[in-house]
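For reference, the structure is listed below as structure tokens.
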Amino acid sequence: MPQYNPPLRDMQFVMHEVLKVTDEFKALPKHADVDADTINAVLEEAGKFAAEVTFPLNISGDTEGCKLDQATHEVTPPKGFKEAYAKYVEGGWAALSCDPEYGGQGLPFVVNQCVYEMLNSANQAWTMYPGLSHGAYEALHAHGTDAQKKLYLPKLVSGEWTGTMCLTEPHCGTDLGLLRTKAEPQADGTYKLTGNKIFISAGEHDMTENILHLVLARLPDAPQGSKGISLFLVPKFNVGEDGAIGSRNGIYCGSLEHKMGIHGNATAQIVLEGAVGTMVGAPNKGLAAMFVMMNAARLGVGNQSLGLTEVAYQNALAYAKDRIQMRSLSGVKAKDKPADPIIVHPDVRKMLLTAKAYAEGGRALAIYCTMLLDKELHHPDEKVRKDSGEIVALLTPIVKAFLTDNGHISTNACMQVFGGHGFIKEWGMEQFVRDNRINMIYEGTNTIQSLDLLGRKVLGNNGATLKKFGKIIGALIAEEGVNEKMAEFINPLAYLADQMTKFTTELGFKGFQNPDEVGAAAVDYLRVAGHLVFGYFWARMAQTALREIAAGNADSFYLAKVQTARFYFAKLFPETATLMRTARSGSKALMDTDAALA
Ligand SMILES: Cc1cc2nc3c(=O)[nH]c(=O)nc-3n(C[C@H](O)[C@H](O)[C@H](O)COP(=O)(O)OP(=O)(O)OC[C@H]3O[C@@H](n4cnc5c(N)ncnc54)[C@H](O)[C@@H]3O)c2cc1C
């Protein structure tokens with residue numbers, strides 16, 4: 001059976017020693033009083049919840065899956081899910097970083113980020129029920145009318161009701177401009193929705209008394225394409241003005257998908273038959289309103305893979321210390337045993353360190369992004385708010401795609417550490433691989449993320465935001481450029497940062513002449529950008545650790561950090577050279593292939 005220990009020490013290192021989040025919060029009136037002790041205490045309790053309440057349900061949830069009663073359209077999630085959710089609500093976890101005006105606790109997003117990382121490590125399928133609700137809360141909070149907010153937000157904040165996002169239809173996933181679900185205006189100001197949605201996560205369950213579906217649909221006179229999409233709130237049970245639950249609405253689960261992983265989460269086909277809804281945001285501006293939820297979800301999906309990378313690493317490390325096979329190439333290490341533990345073998349160490357470097361680098365990036373979200377919302381200086389928002393927008397596709405691709409690499413590597421046993425269900429490792437796989441697909445596939453990064457976020461503004469982030473990297477390079485101890489980290493980072501400008505300009509120029517050049521280079525480009533960002537955070541983590549060591553701190557945590565940074569720069573970061581080369585090789589080898597693909 002797999003184990004899970006919440007990585008509290010590493011979270012504290014990133015938050016308090018590297019990013020110094022509470023110093024940053026002092027400039028935000030809303031969070032000025034939040035101190036490290038409060039954050040640590042909340043995370044310790046959250047870690048217990050993840051390890052003791054939801055983690056024990058991970059394998060059983062995977063085995064059991066969700067069940068649909070075709071007669072009633074009700075879905076029963078795996079045993080224990082409902083009770084765990086009740087404890088989550090009782091503990092006030094849903095309200096953590098929500099607006100106090102609606103019953104929230106108003107803590108910074110940084111705290112929520114770490115809580116969710118642990119919940120994802122423990123049980124991604126379960127965590128998607130509250131995770132989707134939080135996205136719905138954010139969309140409604142940003143775009144709902146006062147009446148909608150008053151009626152629905154307190155229920156989402158307390159966790160008494162959950163939320164979903166209903167975008168995908170059988171014929172359209174990436175291209176939402178094709179969607180067909182109709183919304184007919186009614187005399188009383190409501191709308192009647194008719195259509196079919198598929199793949200709706202947490203789309204039906206009995207864990208709460210009501211479910212709030214956020215549904216994209218078209219008004220009768222809507223323009224074609226993505227400019228004609230509106231957003232509607234459609235509750236499972238209609239809700240009276242006093243908040244009381246009323247009649248069953250015409251929205252129900254027609255079927256459940258049978259899938260590769262996340263079996264404990266109900267992926268529902270949702271049928272709308274004259275379901276009553278109210279509009280969220282302006283007519284035909286639904287996609288913009290939904291983007292609030294989609295952006296939150298993109299960061300959330302990256303966080304899912306971060307969680308899985310961490311838990312897979314912990315288990316592979318324990319196994320590699322215990323499992324004995326063959327002797328070390330450089331001489332016997334465990335004289336008292338008939339063979340050495342497999343952790344002595346260089347390639348086993350490489351697999352372990354790959355997962356460790358991706359987990360810890362991903363954690364630093366994810367916490368940094370949520371710190372910027374806190375600044376974007378609450379900093380008194382408008383310029384800081386604007387800059388923070390722009391950098392989060394730039395980093396969002398990287399968090400979504402780079403962390404989930406790294407999750408794929410890492411969970412596979414960790415499964416490999418187990419040899420044949422990794423392929424056997426009872427060890428839990430193959431579940432991490434299966435559960436992670438969807439993270440590269442939903443919320444906009446990783447290809448779409450790379451087009452968003454290169455096409456919109458970088459070339460779309462002539463590299464202005466990339467330059468802003470480049471300045472942040474430049475400041476670190478200037479600070480540490482003459483420090484010999486940092487040279488092994490700073491030199492490759494400075495080299496890539498310098499290359500990046502030329503590389504981007506080159507792709508922009510080629511893309512201007514032939515847009516397929518952007519499509520051909522984007523996935524490689526995102527991975528290079530991901531390493532640039534990880535390189536920056538690994539250098540900062542090494543800097544903090546080296547300073548502690550120089551000051552005489554003998555805690556092996558810091559030496560471990562430096563060693564992992566060294567591994568990262570020596571073994572993972574250099575793939576950027578190949579990626580730049582393949583990106584530069586252009587679109588011809590892909591597009592001039594009609595005979596090959598005939
Ligand atoms: C388990 C699960 C849970 C999900 N949860 C939800 C949910 O809660 N709510 C919801 O609304 N949806 C959900 N989805 C749907 C998910 O977001 C979509 O599957 C995803 O966006 C891709 O859409 P698609 O499946 O239609 O693939 P398609 O859009 O048909 O894409 C097929 C392939 O073509 C590629 N492609 C498409 N267009 C381009 C392009 N312009 N350039 C390059 N490549 C392109 C894609 O990257 C992909 O590889 C879920 C899906 C699954 C499987």
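Could we say that ALA393 is of a type in the set (Gly, Ala, Ser), part of a helix (DSSP H, G or I) and crowded, with 21+ Cβ neighbours inside 10 Å here?
No.
Output the residues belonging to region 396-428 that are small (Gly, Ala, Ser) and either assigned to a helix (DSSP H, G or I) or within 30 Å of LEU372 (Cβ to Cβ) (or both).
Matches in region 396-428: ALA401, GLY407, SER410, ALA413, GLY419, GLY420, GLY422.
Only one of (1) within 16 Å of ILE262 (Cβ to Cβ); (2) in contact with a Phe, Trp or Tyr (Cβ under 9 Å, 6 or more places away or on another chain); (3) among the polar types (S, T, N, Q) fails for SER60. Which number is that?
(2)
Do any residues in region 314-334 that are at pLDDT 95 or above have Cβ atoms under 8 Å from those of residues that are of a type in the set (Ser, Thr, Tyr) and not in a helix (DSSP H, G or I), where the two are at least six apart or on different chains, and which pairs are they?
GLN314/TYR4
Which of the residues belonging to region 310-347 are among the polar types (S, T, N, Q) and open to solvent by less than 30 Å² (accessible area, probe 1.4 Å)?
ASN315, SER328 - these are the residues of region 310-347 that are among the polar types (S, T, N, Q) and open to solvent by less than 30 Å² (accessible area, probe 1.4 Å).
Criterion first (free of Cβ contacts under 8 Å to residues at least 60 places away in the same chain, open to solvent by less than 50 Å² (accessible area, probe 1.4 Å) and out of contact with any helix residue (DSSP H, G or I) (no Cβ under 6 Å at 6 or more places or on another chain)) does LEU256 satisfy it?
Judged against the criteria, LEU256 is not a match.
Given the options GLY264, GLY277, GLY243, GLY281, name the one that is touching a helix residue (DSSP H, G or I) at 6+ places or on another chain (Cβ under 9 Å) and within 16 Å of the ligand (Cβ to nearest atom).
Just a single option satisfies the conditions, and that option is GLY264.
Tell me which residues, restricted to region 443-454, are touching a helix residue (DSSP H, G or I) at 6+ places or on another chain (Cβ under 7 Å) and open to solvent by 30 Å² or more (accessible area, probe 1.4 Å).
Result: GLU443, THR447, LEU451.
Can you pull out the residues in region 443-463 that are more than 12 Å from the ligand (Cβ to nearest atom) and in a loop (DSSP other than H, G, I, E, B)?
ASN462, GLY463
Considering only residues that are buried (at least 22 other Cβ atoms within 10 Å of the Cβ), away from the ligand (no atom under 16 Å from the Cβ) and closer than 25 Å to GLY254 by Cβ, which ones fall in region 157-182?
TRP161
Among all residue pairs at least 6 apart or on different chains, which show Cβ distances below 6 Å where the first residue, located in region 434-461, is more than 22 Å from LEU308 (Cβ to Cβ) and aliphatic (A, V, I, L, M) and the second is more than 6 Å from the ligand (Cβ to nearest atom) and open to solvent by 30 Å² or more (accessible area, probe 1.4 Å)?
VAL458/LEU466
Find all pairs meeting these conditions: Cβ atoms under 6 angstrom apart; at least six residues apart or on different chains; first residue within region 203-225 and assigned to a strand (DSSP E or B) and more than 16 Å from the ligand (Cβ to nearest atom); second residue open to solvent by less than 40 Å² (accessible area, probe 1.4 Å) and not aliphatic (A, V, I, L, M).
The qualifying pairs are ASN210/TRP161; ASN210/PRO235; ASN210/LYS236.
What are the pairs, 6+ residues apart or on separate chains, where a residue within region 153-175 that is at negative phi and touching a residue at least 12 places away in the same chain (Cβ under 8 Å) has its Cβ under 6 Å from a residue that is assigned to a strand (DSSP E or B) and among the small types (Gly, Ala, Ser)?
Sorted first by the residue in region 153-175, then by its partner, the pairs are LEU156/GLY163.
Check whether at least one residue in region 429-442 is of a type in the set (Lys, Arg), within 16 Å of the ligand (Cβ to nearest atom) and on the phi < 0 side of the Ramachandran plot, and report yes or no.
Within region 429-442, one or more residues are of a type in the set (Lys, Arg), within 16 Å of the ligand (Cβ to nearest atom) and on the phi < 0 side of the Ramachandran plot.
Looking only at region 186-201, filter to residues that are within 16 Å of the ligand (Cβ to nearest atom) and either in contact with a Phe, Trp or Tyr (Cβ under 8 Å, 6 or more places away or on another chain) or outside any strand (DSSP E or B) (or both); which one of those is farthest from GLU443 (Cα to Cα)?
LEU193
If you check every pair at least six apart or on different chains, which have Cβ atoms under 7 Å apart with a residue in region 76-93 that is over 20 Å from SER158 (Cβ atoms) and without any contact (Cβ under 8 Å) to a residue 12 or more places away in the chain first and a residue that is open to solvent by less than 30 Å² (accessible area, probe 1.4 Å) and assigned to a helix (DSSP H, G or I) second?
none
Going by what's in this entry, would GLY470 be described as in contact (Cβ under 8 Å) with a residue 24 or more places away in the chain, more than 27 Å from GLY131 (Cβ to Cβ) and more than 10 Å from the ligand (Cβ to nearest atom)?
The answer is yes for GLY470.
The values are calculated or read from the model by the stated rules, or taken from the named source; none is laboratory data. Note that the coordinates shown come from a computational prediction; the quantities given were computed from them, not determined experimentally. Ideal geometry is used to build each Cβ from the backbone, glycine not excepted, and the neighbour counts take in all protein chains shown. Remember, those area values only see protein heavy atoms, side chains included, never the ligands or the DNA or RNA. Shrake-Rupley method; radii C 1.70, N 1.55, O 1.52, S 1.80 Å.
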